[in-house]
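Here the structure comes first, spelled out in structure tokens, and everything after it is commentary.
The values are calculated or read from the model by the stated rules, or taken from the named source; none is laboratory data. Keep in mind that what you see is a predicted model, and the values were worked out from it rather than measured. A quick note on method: Cβ atoms are made from the backbone with ideal geometry, for glycine too, and the neighbour counts reach across all protein chains shown.
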């Protein structure tokens, strides 16, 4: 590998988790997504994949994405997606409507920080 980036597709460096399933397998593996573009991603984790393996990747705010392993190096691997995605969606926080679908409970506001004191009630020391 050289220090020159020859790719023509912009990609985002980020750190998020995704669930990956190898085609014809039933086991789901949690991996770290190190960078993501509309056409693919680099993943890292304890999953044994080979070049050419078909995968289904569950990405936050995007859903299930099909792809093929393009390269493997140690515990990192590249995936070329079957169809382009909007990679910016994965950067956004999970939407409130999505939380109920993911099994989250209603947010609790019981642990809010107290309001700051009024300046007129503060003493100078």
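Quick notes
- Within region 17-61, being part of a loop (DSSP other than H, G, I, E, B) and touching a helix residue (DSSP H, G or I) at 6+ places or on another chain (Cβ under 6 Å) holds for 60, 61.
- Each residue in region 65-97 was checked for being under 16 Å from residue 17 (Cα atoms) and either in a loop (DSSP other than H, G, I, E, B) or modelled with pLDDT under 95 (or both), and 9 pass.
- Cβ pairs under 6 Å, 6+ apart, first in region 41-58 and under 12 Å from residue 17 (Cβ atoms), second loosely packed, with under 15 Cβ neighbours inside 10 Å: 44/75; 44/76; 58/19; 58/64
- Any hit, region 101-115, residues being modelled with pLDDT under 90, surrounded by 10 or more Cβ atoms within 10 Å (Cβ to Cβ) and part of a helix (DSSP H, G or I): no
- Test for residue 3: is it assigned to a loop (DSSP other than H, G, I, E, B) and modelled with pLDDT under 90: yes
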